[in-house]
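K.L.:
To start, I am sharing the structure in question, which I have written as C-alpha cells.
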Amino acid sequence: MEKANFSEWYNDVIERAELSDKRYPIKGMNVWRPYGLKVIQRIDDLIREEMERTGHDEARFPLLIPKTEFAKEGEHIKGFDSEVYWVTHGGLNKLDVPMLLRPTSETAMYPMFSLWIRSHTDLPLKIFQIVNVFRYETKMTKSFIRVREIHFFEAHTAHRDLEDAEAQIKEDLEILRRFATKLCIPYLVLKRPDWDKFAGAYYTLGIETLMPDGKTMQLGSIHQYQTNFSVPYEIKYEDEHGEHRYAHQTTYGMSERLLGAVIGVHGDEKGIVFPPAIAPYQIVIVPILVKDKQEMVMAEAKQLRDKLLGRGYRVHLDDRDMRPGAKYYDWELKGVPLRIELGPRDIADRKVVVVRRDTGKKAFVKRGVLWLHIQENLKGIERSLLKKAEERIFTGITEIGTIEEGKGKTGILKMHWCGAEECAREVEVGLEFTILGTPYAEQRDHGRCIHCRKKTDTVVFAAKTY
Ligand code: ZN
C-alpha cells in the first residue's frame, strides 16, 4: 500500500469488504453492514471482558440530555456547543427545555451519580456503557475515523479522593495495554497540553497510534476530572467521620476509530488483515469441488467446520457456487487470518492446505496435527502483526533539535520543550504539526527547548493528525 494513496485505499477496502456503507442520506451517519458489525461487536466483547475483570458495571443512560443539565459545567458546554444536535420539538409542541443528543455522557450520568452516591461505602463507583454518540462534524467525514454518529465506549468512575482516582487511571492504562495487544495496535500515551485538554478535565491523556500515511490518530482518551464535575453536579459522599466531601472522577473513552486503526495499520495491497482476536471469522474453509467428488468433499468440509466450531473457533464454510480463486481473493480482502483449502486429494492424503493471510505462506498439514498448527499460527499472526506495527511506530519517531530540522519530516517528531505555550505554537505554525503532548510515564532527559533554547527535562511529541 503506497502512502500517497492510503486514503483512497482505505475508502476502497471498507466499501469492497462490506464493512460500512456511507451512502446513507445523512453525511457521516453510516450503515454498519453485517460483516462490519460483527467486527465491532468482537471489539465490544473484548472491552466488556476487560471491564468485568476490573469491576466496572455496564449501564445504559438515555440518549437525550436536557439543556439544563448539559449547561451545568461551564467549560464542558463551551467545548461541545458547536458540535451538538438539538431536539427542540415534541411533535408539534416546542419543548420548554430543549434537549440534545449525547455527544458524550457526563451530563447524562452525573445527575444520577449525585443520587446514587451517598456514603463512602458507595465508592468507588465504576460504570461503563457502549452506545452511539452524536457530534455535528463539519470537516470531511471518513468511515470509522470521522463520523457524526459514533460507536462509543465510555467508562465513568467516582472515587473518595485524588489518590484513588489516580489509581484508576493506572488501571485504565493496564486495560489499554491488554486490549491493544489483542488488536495488535501499538500506541503512545501522551498528556495533552493544557490548552488542548478535554472540556472540563483537570488533565487529559490522549492515546495515539501512527497510521501508514504518517499521520497520528487518537484512538481514545483518559481524563482526570478531580472535582470539576462533582462540584456543579453535587456528587458528594459522607466519609467515616460524618463529613461531606466531593467525589473525584475519571473517564475513559474509546470509539470505532479502533477499527479504523486496525484496518489502516495492518492492511496491505490485498485488503484488510484482521487480528485473530477480533476477526469475525478466524478461519474460512474453501472446499475444492471437483466433478463427481462434490458430495464427499462437502461432507468432509462440514465435518471439519463442526470440529473447529467445537473447539471454539469462529469458522465459516464458503459453499458458494464460485471458483476457489475468487473465494480466496474475497476472503483475503476481508482479512480472515487463516484459510483452509480442502480437495479430494487432500482428503485421500488425510491433510489440508492452510494459508496465512499475513504472510501468504502455504502449509500442507496432516489432519492429526491440524489443531496444533491452527493454534500456533493464530498466535503467530497476532505476534507478527504487533511486531510489524511496533517497528513502524518506533521508526516513525524522529528526534529534532530545532524547528528547522523538522521541516519536510513526516511521522512523529520528538523534541525538548520548556512548557511555554508560545514555544509550542512556534512549532505548530513553523511545521504545520500539532503538539500531541508529553509522555505520561516520566521520561527525564536533559536538553534545550526547541524554540527558546531554555534548559529543560521535558520532551514533547508532535505530528500531523487525523
Ligand atoms: Zn521554550
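The values are calculated or read from the model by the stated rules, or taken from the named source; none is laboratory data. Please read all numbers here as calculations on a predicted model, not as lab measurements. Positions of Cβ are generated from backbone atoms using ideal geometry, with glycine treated the same way; all protein chains shown enter the neighbour counts. Just the protein is used for accessible areas: all its heavy atoms, side chains included, with ligands, DNA and RNA removed. Shrake-Rupley method; radii C 1.70, N 1.55, O 1.52, S 1.80 Å.
K.L.:
Which of the numbered conditions does T104 fail, given that it passes all the others? Conditions: (1) out of contact with any strand residue (DSSP E or B) (no Cβ under 7 Å at 6 or more places or on another chain); (2) part of a loop (DSSP other than H, G, I, E, B).
P.N.:
Exception for T104: condition (1).
K.L.:
Still on this model: When you go through (1) part of a loop (DSSP other than H, G, I, E, B); (2) free of Cβ contacts under 8 Å to residues at least 12 places away in the same chain one by one for E8, which number turns out not to apply?
P.N.:
For E8, the exception is condition (1).
K.L.:
In addition: Where residues in region 424-436 are more than 16 Å from E399 (Cβ to Cβ) and more than 10 Å from the ligand (Cβ to nearest atom), which of them is surrounded by the most Cβ atoms within 10 Å (Cβ to Cβ)?
P.N.:
If we take residues in region 424-436 being more than 16 Å from E399 (Cβ to Cβ) and more than 10 Å from the ligand (Cβ to nearest atom), then T434 is surrounded by the most Cβ atoms within 10 Å (Cβ to Cβ).
K.L.:
While we're on this one: Just need a number here: residues in region 11-54 that are surrounded by 14 or more Cβ atoms within 10 Å (Cβ to Cβ) and assigned to a strand (DSSP E or B).
P.N.:
Selection size over region 11-54: 3.
K.L.:
May I pose another question? Filter region 214-253 for residues that are in contact with an Asp or Glu (Cβ under 8 Å, 6 or more places away or on another chain) and open to solvent by less than 20 Å² (accessible area, probe 1.4 Å) and give the result.
P.N.:
Within region 214-253, T216, M217, L219, I222, Q224, F229, Y233, Y237, T250, T251, Y252, G253 meet the criteria.
K.L.:
Looking at region 137-150, which of the residues that are part of a loop (DSSP other than H, G, I, E, B) and within 15 Å of T104 (Cα to Cα) is farthest from the chain's Cα centre (by Cα)?
P.N.:
Here the answer is E137.
K.L.:
Name the single residue, out of those in region 408-423 being more than 28 Å from the chain's Cα centre (by Cα) and within 16 Å of the ligand (Cβ to nearest atom), that is most open to solvent (accessible area, probe 1.4 Å).
P.N.:
Residue satisfying both the conditions and the ranking: E422.
K.L.:
In this structure, is F134 within 19 Å of the chain's Cα centre (by Cα) and either modelled with pLDDT of 95 or more or buried (at least 21 other Cβ atoms within 10 Å of the Cβ) (or both)?
P.N.:
Yes.
A quick yes/no check of all residues on (1) open to solvent by 30 Å² or more (accessible area, probe 1.4 Å); (2) within 23 Å of Y237 (Cα to Cα):
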{"position": "I65", "(1), (2)": "no, no"}
{"position": "K78", "(1), (2)": "yes, no"}
{"position": "T88", "(1), (2)": "yes, no"}
{"position": "P98", "(1), (2)": "yes, no"}
{"position": "R118", "(1), (2)": "yes, yes"}
{"position": "T121", "(1), (2)": "yes, yes"}
{"position": "V147", "(1), (2)": "no, no"}
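K.L.:
I need the full set of residues from region 442-466 which are open to solvent by 40 Å² or more (accessible area, probe 1.4 Å), over 24 Å from S255 (Cβ atoms) and either of a type in the set (G, A, S) or more than 9 Å from the ligand (Cβ to nearest atom) (or both), in order please.
P.N.:
Scanning region 442-466 gives E442, Q443, R444, D445, H446, K455, D457, T458.
Per-residue answers, yes or no, for (1) open to solvent by less than 10 Å² (accessible area, probe 1.4 Å); (2) under 14 Å from Q249 (Cβ atoms); (3) in a helix (DSSP H, G or I); (4) at pLDDT 95 or above:
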site	(1), (2), (3), (4)
E163	no, yes, yes, yes
E166	no, yes, yes, yes
I169	yes, yes, yes, yes
E174	no, no, yes, yes
F179	yes, no, yes, yes
V189	no, no, no, yes
W195	no, no, yes, no
F198	no, yes, no, no
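K.L.:
Among the residues in region 193-209, are any in contact with a Lys or Arg (Cβ under 7 Å, 6 or more places away or on another chain), within 24 Å of I412 (Cα to Cα) and of a type in the set (D, E)?
P.N.:
no
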